[in-house]
Amino acid sequence: SSQRFHEFINPLQDTSWAHPAVTEMMKPECANLTQLNPGRVNISKKAPTLPEMWKIAESLGPGGEFIPDCHNPHHVAIIVPYRNRAKQLPVFLGHIHPFLINQRIIHYRIYIVNQADKNEFNRASLMNVGFTEALKDFDWTCFIFHDVDHLPEDTRNLYSCPDQPRMMAVAVDKWNYTMLYKSYFGGVVALRKEHFEKINGVSNKFWGWGGEDDDMRRRVVKHGMNITKYAKDIARYTTIKHKQAKKNNQRTTKILKETNRRWHSDGLNTLDYKLLSNKSMPHFTNITVELHGGCIVMCQSSNSVLIFSLIFSLLNLTRWKKRVSEL
């Protein structure tokens, strides 16, 4: 990803050879661009058709990477913790790519971080994994941790990282376009690379549903950072319904009480996982892992993202063979 980005940009940086007329035609600064039609977008909870998905893929590079046609874009890794959401994933991808491309100034790549073990789901550890693995592709400066069931409604909700951490999902439909509670810091959040490193990522102890959002917020506040937000009429999200896991309040409360004491010894520096695969698909990068240290439950491995990937791989091969036969 890093090599591809610089191959795309570097030939444009030295314009001394160019005729003035050619120079004028060269790429503008991203900061000077405006969205063509900023504002609310149509929301569909239906999975796109295969032709629609291929149309989106034509604008993307391998791994679901998009490079805008301008200089100095925001460099954003979108990290999606994932397990067994095969119905939601194509809806999310079919919505988020056109949404981000329309913002015109975001160099981004989508990472689906897939937990494929029999432990309870650990969203926080998957966030840590996504951060770690994404930096092997490119020196991303901004990380947006994104639930797969959240669909942004307004393109003025810019997917970038300001000087302070940002709460992105301020007005969510399932909570009557409010936040779950006043100090909520979940759903979709944005942190600069140095911010996430400073707080040592997120705790790896939250097996099951709930608590990791509060842990991250406490780490952010402890390090003297302020959480910023867009206005409610901009930071709006539609959610895709799914069966909600039951929260373990007793466990969550106990771990949260220890956040300020153990943040430096529980997070990025204690992450324990096995990388099973890292594959660049047309619409996303599929990072599949086994997490270590969790409580094993009776559940199946998360193969839905692999099935989704396989379908598009086979379709891509079919299209390639067809093109070769036409030559």
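The values are calculated or read from the model by the stated rules, or taken from the named source; none is laboratory data. What you are looking at is a predicted structure, and each value in this text was computed from that prediction instead of being measured. Glycine gets a Cβ as well: all are built from the backbone with ideal geometry, and neighbour counts include every protein chain shown. Ligands, DNA and RNA are stripped out before the accessible areas are found, and what is left, the full protein with its side chains, is counted by its heavy atoms. Shrake-Rupley method; radii C 1.70, N 1.55, O 1.52, S 1.80 Å.
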Check your understanding: Tally time: how many residues in the range 110-143 are open to solvent by less than 10 Å² (accessible area, probe 1.4 Å), over 20 Å from Trp207 (Cβ atoms) and touching a Lys or Arg at 6+ places or on another chain (Cβ under 9 Å)?
Key -> 4
Practice item. Might you check whether a residue that is out of contact with any Cys (no Cβ under 7 Å at 6 or more places or on another chain), within 30 Å of Lys45 (Cα to Cα), hydroxyl-bearing (Ser, Thr, Tyr) and open to solvent by less than 70 Å² (accessible area, probe 1.4 Å) occurs anywhere in the range 221-232? Key: yes
Exercise for review: Look at Thr155 and say whether it is modelled with pLDDT of 95 or more and farther than 21 Å from Ser44 by Cα.
Suggested key: no
Study note, to complete from the structure: Per the filter on the range 203-230, residues at pLDDT 90 or above and among the hydrophobic types (A, V, I, L, M, F, W, C) are Met216, Val220, Val221, Met225, Ile227
Practice item. Please enumerate the residues belonging to the range 165-195 that are touching a strand residue (DSSP E or B) at 6+ places or on another chain (Cβ under 6 Å), open to solvent by less than 60 Å² (accessible area, probe 1.4 Å) and of a type outside the set (Gly, Ala, Ser). Key: Pro165, Arg166, Met167, Met168, Val170, Val172, Asp173, Phe185, Val188, Val189, Leu191
Check your understanding: For the subset of the range 55-109 comprising residues that are open to solvent by 20 Å² or more (accessible area, probe 1.4 Å) and among the hydrophobic types (A, V, I, L, M, F, W, C), which member is nearest to Phe121 (Cα to Cα)?
Key -> Ala86
**Study point:** Scope the range 238-297; condition modelled with pLDDT under 80, surrounded by fewer than 17 Cβ atoms within 10 Å (Cβ to Cβ) and part of a loop (DSSP other than H, G, I, E, B); matching residues
**Key:** His242, Lys243, Gln244, Ala245, Lys246, Lys257, Glu258, Gly293, Cys295, Val297
